[in-house]
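K.L.:
Submitted below is the structure of interest, expressed as structure tokens.
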Amino acid sequence: MFMKRKLPILTFLAFIFSLIVTVFPTNSAYAAEDDRILDIYGDPITTNKDYILVDKYLWVTGIPFEKRVAPVGQNRLGITYEKFAGWHYVIQYKNSSYYGTAEKHKDTKGNEYYGTPINFEVPAGVESDGYIRNNTPITMSMWIGGPNADAGGTKKYVNAGNRSWIYFSDQSRSTLTVKKKNSKEIDLVTGKTDYLRDKLGRPTDWYNADPQQSSYGVTTSFQLETSGQPFANQDKLWGISAPEDYAGYELVPLP
């Protein structure tokens, strides 16, 4: 008699608990949502959406390097591409005059930014809910020569070695890993490499490398630097895989 009266009560409590779990997300669900990367206006970054990727580094002097990070939305110059020796390379300019008319865009709030739109895409074989979080693997695409195929454009993807100049290709693509610096700022990890130096600190090979001067297993990421060539245009910042900098990137949403 006692068991027959108790079972319905247990069943009822189990039912109520299931409703609570369904209606109220678990801690892990909240954590997954809180870990999402946001654009400059606080909306979650998603795959297959147009953004301008903007470097947050402040090209100023007189303040420490670690403080040369622009406030959200201040930098308006984003990445685009430039053709060199038959290849399309990632580039960003220090001056808006270098950008063409097709590289001027209004964001979702009507503010003007410069660059060519990028898309984050899901690598083959990777499951995704469409949101970008810390440690999310992505590929990055850009339409080269036009905004779409109908306009004469070719969709190409970022190719980045672990310590080389970064270019676009429609034949291959690199998988990058999103690293969260804060909710609205990211790095894009490209790989790991060794920086070998001799006893005098000069670049060298494995045979002559000095363990005290060399750095091993250095994480490299998507960076922008001048070419380093004599008489090179210092207003042109080329994409390169290099050690992580103080400033990361923010994403500007386009309509």
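K.L.:
From the list R202, R163, pick out the single residue that is modelled with pLDDT of 95 or more and out of contact with any Leu (no Cβ under 8 Å at 6 or more places or on another chain).
P.N.:
Values: R163 fails: modelled with pLDDT of 95 or more.
Exactly one residue qualifies, and that residue is R202.
K.L.:
Next question, about the same structure. So in the range 224-236, with the set limited to residues that are out of contact with any Asp or Glu (no Cβ under 6 Å at 6 or more places or on another chain) and in a strand (DSSP E or B), which one is farthest from E66 (Cα to Cα)? Can you show your working first?
P.N.:
Going residue by residue through the range 224-236, those that are out of contact with any Asp or Glu (no Cβ under 6 Å at 6 or more places or on another chain) are 225-236.
Narrowing the set further to residues that are in a strand (DSSP E or B) leaves 225, 236.
Values: E225: 17, K236: 22 Å.
Among residues in the range 224-236 that are out of contact with any Asp or Glu (no Cβ under 6 Å at 6 or more places or on another chain) and in a strand (DSSP E or B), the one farthest from E66 (Cα to Cα) is K236.
K.L.:
What number of residues within the range 194-216 are exposed (fewer than 13 other Cβ atoms within 10 Å of the Cβ) and either in contact (Cβ under 8 Å) with a residue 60 or more places away in the chain or not in a loop (DSSP other than H, G, I, E, B) (or both)?
P.N.:
Residues meeting the conditions: 3.
K.L.:
Still on this structure, please answer the following. Looking for whichever is closer than 17 Å to W238 by Cβ and in contact with a strand residue (DSSP E or B) (Cβ under 9 Å, 6 or more places away or on another chain) here; the options are T108, T116, T136. Which one fits? Let's see the steps before the verdict.
P.N.:
On the way: T108 fails: closer than 17 Å to W238 by Cβ; T136 fails: closer than 17 Å to W238 by Cβ.
So the residue among T108, T116, T136 that is closer than 17 Å to W238 by Cβ and in contact with a strand residue (DSSP E or B) (Cβ under 9 Å, 6 or more places away or on another chain) is T116.
A quick yes/no check of all residues on (1) surrounded by 13 or more Cβ atoms within 10 Å (Cβ to Cβ); (2) farther than 19 Å from K179 by Cβ:
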| residue | (1), (2) |
| --- | --- |
| I63 | no, yes |
| G86 | no, yes |
| T116 | yes, yes |
| F120 | yes, no |
| A124 | no, yes |
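K.L.:
Which members of the range 130-156 meet the condition of being of a type in the set (D, E, K, R) and surrounded by fewer than 12 Cβ atoms within 10 Å (Cβ to Cβ)?
P.N.:
Our first condition is that a residue be of a type in the set (D, E, K, R); within the range 130-156, this holds for 133, 150, 155-156.
The one that is of a type in the set (D, E, K, R) and surrounded by fewer than 12 Cβ atoms within 10 Å (Cβ to Cβ): D150.
K.L.:
Between a residue in the range 88-105 that is on the phi < 0 side of the Ramachandran plot and part of a loop (DSSP other than H, G, I, E, B) and any residue that is among the basic types (K, R) and modelled with pLDDT of 95 or more, which pairs come within a Cβ distance under 9 Å, given they are 6 or more apart or on different chains?
P.N.:
Short answer, once both residue conditions are applied: K94/K236.
K.L.:
Identify, from the list T116, T22, T101, T61, the residue that is at pLDDT 95 or above, farther than 18 Å from F222 by Cβ and of a type in the set (S, T, Y). Let's see the steps before the verdict.
P.N.:
On the way: T116 fails: farther than 18 Å from F222 by Cβ; T22 fails: at pLDDT 95 or above; T61 fails: at pLDDT 95 or above.
Among T116, T22, T101, T61, only T101 is at pLDDT 95 or above, farther than 18 Å from F222 by Cβ and of a type in the set (S, T, Y).
K.L.:
What number goes with the only condition from (1) modelled with pLDDT of 90 or more; (2) more than 20 Å from L188 (Cβ to Cβ); (3) out of contact with any Lys or Arg (no Cβ under 9 Å at 6 or more places or on another chain) that G42 does not pass?
P.N.:
Going through the list (1) modelled with pLDDT of 90 or more; (2) more than 20 Å from L188 (Cβ to Cβ); (3) out of contact with any Lys or Arg (no Cβ under 9 Å at 6 or more places or on another chain), G42 breaks only (3).
K.L.:
Okay, next question. Mind checking which residues of the range 217-236 are under 15 Å from the mean Cα position of the chain (by Cα) and either of a type in the set (F, W, Y) or loosely packed, with under 15 Cβ neighbours inside 10 Å (or both)? Talk me through it step by step, then tell me what you get.
P.N.:
Pass one, the range 217-236, residues under 15 Å from the mean Cα position of the chain (by Cα): 219-224.
Matches in the range 217-236: F222 only.
K.L.:
Being modelled with pLDDT under 95, more than 24 Å from G146 (Cβ to Cβ) and small (G, A, S) narrows it down to one residue among A70, A85; which is it?
P.N.:
Details: A85 fails: more than 24 Å from G146 (Cβ to Cβ).
When all the criteria are applied, what remains is A70.
The values are calculated or read from the model by the stated rules, or taken from the named source; none is laboratory data. Keep in mind that what you see is a predicted model, and the values were worked out from it rather than measured. In this analysis, Cβ positions are derived from the backbone assuming ideal geometry, glycine residues included, and neighbour counts consider all displayed protein chains.
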